[in-house]
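Novice: Here it is, the structure in full.
The values are calculated or read from the model by the stated rules, or taken from the named source; none is laboratory data. From a predicted model like this one, the values you see are computed outputs, not experimental measurements. In this analysis, Cβ positions are derived from the backbone assuming ideal geometry, glycine residues included, and neighbour counts consider all displayed protein chains. Protein only, heavy atoms only, side chains kept; ligands, DNA and RNA dropped before computing areas. Shrake-Rupley method; radii C 1.70, N 1.55, O 1.52, S 1.80 Å.
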Amino acid sequence: MPQRELFLGLMSGTSMDGLDVVLVEFDAAQPELLQHRQYPLDDELLEQLHILCHESTGELHLWGCADRRFAEFCAESVNHFLTYFDISPSAIKAIGSHGQTVRHQPDQSPAYTLQLGDPNTLAALTGIPVVADFRRKDIALGGQGAPLVPAFHQAIFSSFDESRVILNLGGIANITWLPGTPAGVTGFDTGPANTLLDRWFTACHPNHEDDFDRHGAFAAHGQVLDDVLAKLLDDDYFKRPPPKSTGRDDFNLKWLEKYLGDLSKFKAEDLQATLVELTACTVAQAIKDWLPERPETIFVAGGGAYNPILMSALKAKLPHCGWHATSVLGVAPQHVEAMAFAWLARCYMHRVPGNLPAVTGASRPTILGGLYLP
């Protein structure tokens, strides 16, 4: 019998809508998602994270505090998760912790990416080995450090029967091209998705119980502003060939103001509808421009999979593709990325490279992350 291994995966993405914790069991075949929960960030920590995404005074002190606080939050979430599901910490081989990205600048000189959530603190407070800091080794080898999830997509979602795209609609949208053969896999960030939609919605609804446009209801009441859309689509990022990656430090409300000026001159719901169309246009154009052929099927992961207005806009751009959520492949859309970091932790423990140079632009495959013991 092959040895079975349990790993935890922790993921808090660009949207900062909460920490996803998943328990994944690995054997010689496919990984299996056993349990999952999401833990919301408290308002004070969330505010600190938002501040750190942009230049400000006192950044080093704030970084040091938030680095520890986010790690403590992750540890509290893990300990609650294990208690809730009656799992012994000793049963877990390692935690794969992505950390919270607050800066991602792979095109600077020198390039860098910053994820906070001190893995030493996480290991000490849970008593479980932690694998973390997955992105910087790839950047050290000349890569973008992102996206990393395409290697996981290739491992569990590839099919020899059809060409596929895995589209992740998180804070940033990214695609993975799975051509149906082991060679030729690629992927990259196409541009903004939920990060702009969420930030504009919360700016317009500061006291709303949700910090996102649930089911796209706000956007559904707006009209796409074609002249505004044309200005936004003129951004250089959308024209650049891959490999490329981006983050909320590039796409934010200041980015909107750079192109549009005073945002209050627009009907709020019209701008929301236009941002939906921006995501749909940039995803569709990236698929048409940078993939060798149109995929037969597109499988959608991330929170955007639950936004029917966004999904309708995407399907209208690529009507000849089959569209499905990743749940039909066995993994619910909201769990794919956390599961990927459990998988990357296992890759580290087995000394298996976790990056795809064809995706990130790194000079070679490499083992990602570092090990932090309790």
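Novice: How long are the semi-axes of the equivalent ellipsoid of the range 250-325, defined as square roots of 5 times the Cα gyration tensor eigenvalues? Whole Å, largest first. It would help to have the intermediate numbers written out before the result.
Specialist: Working: eigenvalues 144, 41, 22 Å².
Its equivalent ellipsoid spans semi-axes of 27, 14, 10 Å.
Novice: Also: Using a 1.4 angstrom probe, figure out how much accessible area the range 176-277 has per residue, in square angstrom, rounded to the nearest whole.
Specialist: Numbers: 4630 Å² over 102 residues.
With the other protein chains kept in place, the range 176-277 gives 45 Å² per residue.
Novice: Hey, what number do you get for the chain at 222 nm if only DSSP H runs of n ≥ 4 count, each worth -39500 (n - 2.57), divided across all residues, to the nearest 500? Write down the numbers at each step before the final one.
Specialist: Details: 14 runs with 144 residues, N = 374.
So the helix-based figure for the chain works out to -11500 deg cm²/dmol.
Novice: Can you give me the three principal axis dimensions of the range 289-335 from its C-alpha atoms, in Å, biggest first?
Specialist: 28, 23, 17
Novice: Right, another one. How would you classify the range 146-241 from its alpha-carbon gyration tensor, with a ≥ b ≥ c the square roots of the eigenvalues: rounded for a/c under 1.5, else prolate if a/b is greater than b/c, otherwise oblate? Walk me through the intermediate numbers first.
Specialist: Values: a/c = 2.64, a/b = 1.84, b/c = 1.43.
It is prolate, given that a/c is not under 1.5 and a/b is the larger ratio.
Novice: Additional query: Using the basic label-point model (7 angstrom from Cα toward the beta carbon), what is the residue 80 to residue 161 distance in nanometres?
Specialist: About 4.1 nm separates the two model spin labels.
Novice: For the range 180-189, what does the Karplus curve 6.51 cos²θ - 1.76 cosθ + 1.60, with θ = phi - 60°, yield as ³J(HN,Hα) per residue in whole Hz, taken in order and with x for Gly and Pro?
Specialist: x, 9, x, 8, x, 5, 8, x, 5, 7
Novice: List the pair-distance distribution P(r) of the range 192-344, using every Cα-Cα distance, as the percent of pairs falling in each 5 Å bin from 0 up to the bin containing the longest distance, rounded to whole percents.
Specialist: For the range 192-344, the binned pair fractions read 2, 8, 17, 21, 21, 17, 10, 4, 1, 0 percent.
Novice: Please work out how much length the chain gains when fully extended from residue 91 to residue 332, using 0.36 nm per residue of separation minus the C-alpha to C-alpha distance, in nm with one decimal.
Specialist: Details: separation 241, 0.36 × 241 = 86.76 nm, distance 2.44 nm.
The span from residue 91 to residue 332 would gain 84.3 nm if fully extended.
Novice: Please list the radius of gyration and Dmax for the chain, considering alpha-carbon atoms only, with Å as the unit.
Specialist: 19.7, 66
Novice: With just the Cα atoms of the range 11-132, tell me how far they stretch along each of the three principal axes, in Å, largest first.
Specialist: Ordered largest first, the range 11-132 gives principal extents of 45, 30, 24 Å.
Novice: Still on this model: Listed here are the pairs 93/315; 244/317; 265/288; 93/254; 93/317; which of them are more than 32 Å apart at the Cα?
Specialist: Correct reply: 93/315; 265/288; 93/254; 93/317.
Novice: Next question. Apply the a/c threshold of 1.5 to the C-alpha gyration tensor of the range 74-154 and tell me whether it is rounded, prolate or oblate. Each step should come with its number before you reach the end.
Specialist: Working: a/c = 2.87, a/b = 2.10, b/c = 1.36.
Note, shape of the range 74-154 comes out prolate.
Novice: Which percent of Cα-Cα pairs in the range 59-207 sits in each 10 Å bin, short to long?
Specialist: P(r) over the range 59-207, rounded to whole percents: 10, 27, 34, 24, 5, 0.
Novice: Just the number: Rg to Rh for the range 199-285, Cα atoms, Kirkwood Rh, two decimals.
Specialist: Working: Rg = 13.3 Å, Rh = 13.8 Å.
Taking Rh as the inverse mean 1/r over Cα pairs, Rg/Rh reads 0.96.
Novice: About its Cα centre, what dipole magnitude does the range 292-362 give when the only charges are +1 on Lys and Arg Cβ and -1 on Asp and Glu Cβ, stated in debye to the nearest 20? Don't skip to the answer; put the middle values down first.
Specialist: Numbers: 5 positive and 3 negative charges, 12 e Å.
In total the dipole reaches around 60 debye.
Novice: In addition: Carbon-plus-sulfur fraction of the accessible area of the chain, 1.4 Å probe, in percent? Don't jump to the answer; show the numbers that get you there.
Specialist: Numbers: 8020 of 15840 Å².
Answer for the chain: carbon and sulfur cover 51 percent of the accessible area.
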